[in-house]
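The structure under discussion appears below in the form of structure tokens.
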Amino acid sequence: MIPGSSALILAFARVGTHVPPHYYNRLTPEGQVLADTDWHLERFFDGLPPEVTLVRASFNRCLSDLNAVPSQTAGRQAPPGGGLVPFETLTGAWMWERPPGPSEASSLRAARYVPYHVALSAQIARGRARHGFAVLIDCGARGDEARAGRGCAAHRPLDRHPFRQDLQPDAGGQGHGALQQ
């Protein structure tokens, strides 16, 4: 984590490539490619002012899906540990020859998922305390919807975005929204 002084926090949940050998050797060939990594994403943010806070995962998604919500694992094949250690890649390919068992999944949750979210929470609290608000941008976020072909909420056509009720489809029906006046 690189703490800054502004209210802006950039979160990089899937840029990490570190996988200890005892886990890497248990991945399928598809899993060993680390295809769910947001390769080179951080380059888009080079040259940001030092006031911007960066929270970055150093480990790969195969060890802990930092964008997963523990209570929302329906429809996914998830190991014990709250569904935070994925069995599949974002495209649906099987990731593990021998997936982590219950105690390993719990250890990965405690060592990876929890500290990342504690760091995010601390930076949000810092921003709110100093500025009265905080802006968190989840850089490169993709969800289970990517596998279903719907795109993540941040990349849906604006007229279908769940948080923007004030948008209508454009006249051409292409799905790009325009603000209602």
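Please treat every number below as a calculation from the coordinates, not as lab data. Not measured: the values here are computed from a predicted model. Neighbour counts run over all protein chains shown; Cβ positions are idealised from the backbone, glycine included.
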Taking 0.36 nm per residue of separation and subtracting the Cα-Cα distance, what length does fully extending TRP39 through VAL118 add?
-> 26.0 nm
Going residue by residue through region 60-66, the Karplus relation 6.51 cos²θ - 1.76 cosθ + 1.60 with θ = phi - 60° gives ³J(HN,Hα) values, rounded to whole Hz and with x marking Gly or Pro, of 7, 4, 4, 8, 6, 7, 5
Set the Förster distance to 35 Å, then compute FRET efficiency between SER58 and ALA129 from the Cβ-Cβ distance, nearest 0.05.
-> 0.85
In order through region 10-22: 3J(HN,Hα) via Karplus (6.51 cos²θ - 1.76 cosθ + 1.60), integer Hz, x for Gly, Pro | 9, 10, 10, 7, 10, 9, x, 10, 6, 9, x, x, 5
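Order these by the 10 Å Cβ neighbour count, fewest first: THR91, THR53, THR28.
Values: THR91 10, THR53 27, THR28 14.
With the fewest neighbours first, THR91, THR53, THR28 line up as THR91, THR28, THR53.
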Which cross-chain or sequence-distant (5 or more) residues have an amide H under 5 Å from the amide H of GLU88, H modelled 1.01 Å from N in plane?
-> MET95
Could you line up HIS18, HIS40 from fewest to most neighbouring Cβ atoms inside 10 Å?
-> HIS40, HIS18
